[in-house]
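Below: one structure, written as structure tokens.
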Amino acid sequence: MAEDRKIVLSEDPHAGVAAPVMDLVAAGVLAAISLWFMIEALRLPAPGGTATAPGLLPFLTAASLMVMALILGADALARRRIGVAAAVPGGIDLPAHWRRTAVLAAILVVYVLALEFAGIEVAFELFAQRIIIGSFEVTTVVVLTAILRIYWQAALWTCVAVAVGWVAFLSVVFRLVFHVPLP
């Protein structure tokens, strides 16, 4: 009798298995977070003893996450050893969209830093309302235009128009309707 094996790859049956390098990165991040939580849980005071320590449940949860991360990492190393990466030219088994994702992450890091350190503010009157254009608006238009251009791939003027329109709408709503200052 042949052994019937049902392999479940993911929630999307056509998604396939993640690249071993991606699983290794995920395992490393999960292990680091688990270790951090375990250390922080141990630093909590235990006034009634170990059994009633407030850090016991977080420690056990983080420890179980650490075990899962180690299993994920071991599985990824095993898949890498059997040649999953060998079928890819150059031996790099990263997905094709990884470069765009890395660019997006870099753009978002620059965006957050620009919001933190940029100090632009221009104020003027329009229809008896004080309008302020600050670093949030300028930076967000530039970043949103770049993201739209990369992922939407429309004409540059279309990306700029959508970014300006959306940012202007959000700025008006937050500043004039909700009275929330933007960064």
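The values are calculated or read from the model by the stated rules, or taken from the named source; none is laboratory data. Just so you know, these numbers come straight off a predicted model, no measurement behind them. Positions of Cβ are generated from backbone atoms using ideal geometry, with glycine treated the same way; all protein chains shown enter the neighbour counts.
Quick notes on this one:
- Checked against (1) surrounded by 12 or more Cβ atoms within 10 Å (Cβ to Cβ); (2) among the polar types (S, T, N, Q); (3) farther than 26 Å from Trp98 by Cβ, Thr139 meets all criteria but (3).
- Some residue of segment 160-182 being within 24 Å of the chain's Cα centre (by Cα), at positive phi and without any contact (Cβ under 8 Å) to a residue 60 or more places away in the chain: no
- Considering only residues in segment 95-123 that are among the small types (Gly, Ala, Ser), exposed (fewer than 10 other Cβ atoms within 10 Å of the Cβ) and closer than 17 Å to Glu137 by Cα, the one that is farthest from the chain's Cα centre (by Cα) turns out to be Ala123.
- Cβ pairs under 9 Å, 6+ apart, first in segment 47-70 and more than 21 Å from Gly28 (Cβ to Cβ) and in the same structural domain as Leu35 (by TED's automatic domain parsing), second modelled with pLDDT of 85 or more and of a type in the set (D, E, K, R): Gly55/Glu40; Gly55/Arg43
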